[in-house]
Amino acid sequence: MADDKDVLRDVWFGRIPTCFTLNPDEVTEREAEPYYLLLPRVSYLPLVTDKVKKHFLKVMRTEDVEEMWFEHEGTPLKWHYPIGVLFDFHASNTVLPWSITVHFKNFPDVDLLHCPTNSMVEAHFMSSIKEADALKHKSQVVNDMQKKDHKQLWMGLQNDKFDQFWAMNRKLMEYPTEEGGFRYIPFRIYQTTNDRPFIQRLFRPVSTEGNPHTLFDLLKEMCPDALTKDGEENRFQVVIHGIEPLLETPLQWLSEHLSHPDNFLHICIIPAPTD
């Protein structure tokens, strides 16, 4: 893997200033003040919102409290998506701090999975890591790891420990030099304006001629409408970790450096701002 630790650190320590407010329909014993938090982009909402819950429970009656869930401008936020993906997809062109509404009633079963404990997050996270390694190495790397190694990945994420996580995760980013990259690139594309809002398919980092595939090549095959045609204004932004990478960036480099801890490259295609 290319030794570009500054990029890895910048990705890991990305934060989103967020303002949590209690849904006005909740029954409270006194007014609930907003709660402000810097959310880590690479984590998941259930792992970093204990303080939010404690803050609002102070003004709630116990009998009025059910499972906590979040929404932004009427859209329930899926806890199994990384926080950075939720922000980029739903709110990247809004004014900071990100405004999230907190609910303790009327859980939207149709839109969200229940998450009673953090062990659910761990199971989802490890499932994604194993899926990514199946794509990259036919599961050879993750299967060679011991249970304590899997735990190290999870604890590194849960406790926001960059060095602890990457000491193990770097093994998942290695590949034989002669192959020029992983077997397939683990990626997920999210779109707002398409009948296919979620795309995940097989795509190799190197062409049959041996040339490195780029972000442009991936988009051209998976969602060509996202690309700007000659003489046309930009209709969409292609966002990874809050930035718009150059379309000529090699996919292999992106996969090694801009993947989330779950080892997937999460790509959001959103409408370009019109201002």
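The values are calculated or read from the model by the stated rules, or taken from the named source; none is laboratory data. Keep in mind the model is a prediction, meaning the values are calculated, not measured. Glycine gets a Cβ as well: all are built from the backbone with ideal geometry, and neighbour counts include every protein chain shown. For the accessible areas, the whole protein counts, side chains as well, though only heavy atoms, and no ligand, DNA or RNA atoms are used. Shrake-Rupley method; radii C 1.70, N 1.55, O 1.52, S 1.80 Å.
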Within the set of pairs 6 or more residues apart or between chains, which connect a residue that is touching a residue at least 24 places away in the same chain (Cβ under 8 Å) inside segment 248-275 to a residue that is of a type in the set (Asp, Glu) with Cβ atoms less than 6 Å apart? His257/Asp4; Cys268/Asp88
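Which residues, counting only those in segment 143-200, are among the acidic types (Asp, Glu) and open to solvent by 70 Å² or more (accessible area, probe 1.4 Å)?
In the first step, residues of segment 143-200 are kept if they are among the acidic types (Asp, Glu); the result is 144, 149, 160, 163, 174, 178-179, 195.
Once the filter is applied, which keeps residues that are among the acidic types (Asp, Glu) and open to solvent by 70 Å² or more (accessible area, probe 1.4 Å), segment 143-200 yields Asp144, Asp163, Glu174, Glu178, Glu179, Asp195.
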Would you confirm whether or not segment 226-237 contains a residue that is over 19 Å from Asp4 (Cβ atoms), among the small types (Gly, Ala, Ser) and surrounded by 14 or more Cβ atoms within 10 Å (Cβ to Cβ)? yes
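Taking segment 82-119, which residues are in contact (Cβ under 8 Å) with a residue 60 or more places away in the chain, part of a loop (DSSP other than H, G, I, E, B) and of a type in the set (A, V, I, L, M, F, W, C)? If you could, list the steps in order and put the result at the bottom.
Initial filter on segment 82-119 (in contact (Cβ under 8 Å) with a residue 60 or more places away in the chain): 82-85, 87-89, 92-93, 96-105, 115, 118.
Now drop any that are not part of a loop (DSSP other than H, G, I, E, B), which leaves 82, 92-93, 96-97, 104-105, 115.
Matches in segment 82-119: Leu96, Phe104, Cys115.
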Of the conditions (1) of a type outside the set (Gly, Ala, Ser); (2) modelled with pLDDT of 90 or more; (3) within 21 Å of the chain's Cα centre (by Cα), Thr192 clears all except one; give me its number. (2)
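Residues are listed down the side, and each one gets a yes or a no for (1) in a loop (DSSP other than H, G, I, E, B); (2) touching a helix residue (DSSP H, G or I) at 6+ places or on another chain (Cβ under 9 Å); (3) at positive phi:
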residue	(1), (2), (3)
Tyr36	no, no, no
Ser43	yes, yes, no
His55	no, no, no
Glu67	yes, no, no
Glu71	no, no, no
His80	yes, yes, no
Scope segment 17-34; condition within 24 Å of Ala91 (Cβ to Cβ) and not in a strand (DSSP E or B); matching residues: Asn23, Pro24, Asp25, Glu26, Ala32, Glu33, Pro34
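So, in segment 33-49, of the ones that are open to solvent by less than 30 Å² (accessible area, probe 1.4 Å) and hydrophobic (A, V, I, L, M, F, W, C), which residue ends up nearest to the chain's Cα centre (by Cα)? Explain how you work it out, then say what you get.
Filtering segment 33-49 for residues open to solvent by less than 30 Å² (accessible area, probe 1.4 Å) gives 39-47, 49.
Of the ones still in play, those that are also hydrophobic (A, V, I, L, M, F, W, C) are 39, 42, 45, 47.
Values: Leu39: 12, Val42: 6, Leu45: 11, Leu47: 13 Å.
The selected residue is Val42.
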